[in-house]
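Readers should treat all values here as calculations from the given coordinates under stated rules, not as data from a laboratory. Everything numeric here is computed off the predicted structure, so don't read it as measured data. Reconstructed Cβ throughout: ideal geometry from the backbone, glycine too, with neighbour counts over all protein chains shown.
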């Protein structure tokens, strides 16, 4: 008669249970980490918008008006290039930007803005956009230096937020939403 020996080790069910628990914990950690990344990006975008506003006030004090933008909101990249050139690439530097806050398109571009009957040429602009923490260009709106749609006495400045969609609920703005 043979003696039965009990083999030590884990059963398949025990191993699968441990794997499922580990996968659930990893999922929770990844979800929380993504949420914290977005929250950190939102906070950084708010701080960058405040710093750009301060630089724009200095620009206005020296030049009598805020820099103009395209009159159409559908050109955030172009308006971001105009903003960069006004604050960092002109004869006076109102603000310096970190490499992570810019997207270099290389070379120069020329832009013309029409204000009423006048066309204002901007030749040889440095082709650099200011980007938010999510990699999207900051939006700047001040057509013909008359004020933005939300800030009639100054300008509109905003990030499209994590979604990157203009007008989305996660946008970070320099005005109070209703």
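Segment 23-100 and segment 109-143 have Cα centres lying 14 Å from one another. Which residues does the label zone of residue 35 cover in segment 117-137, counting backbone N under 18 Å from a point 7 Å along Cα→Cβ? What the label zone holds, given the 18 Å backbone N cut-off, is no residue at all. Taking all Cα pairs closer than 8 Å and separated by 6 or more residues, the relative contact order of segment 26-173 comes to 24 percent.
Ellipticity at 222 nm from helices only: DSSP H runs of n ≥ 4 in the chain, each -39500 (n - 2.57), divided by the residue count, give -13000 deg cm²/dmol.
Run through the DSSP bridge list for segment 26-173 and note the antiparallel percent, rounded to the nearest 5.
Values: 16 of 17 bridges.
Beta bridges within segment 26-173, antiparallel portion: roughly 95 percent.
Values [x] 19.1; [y] 27.3; [z] 16.3 are given for comparison; Kirkwood radius over Cα pairs in Å, derived from the coordinates here, is the one labelled [x].
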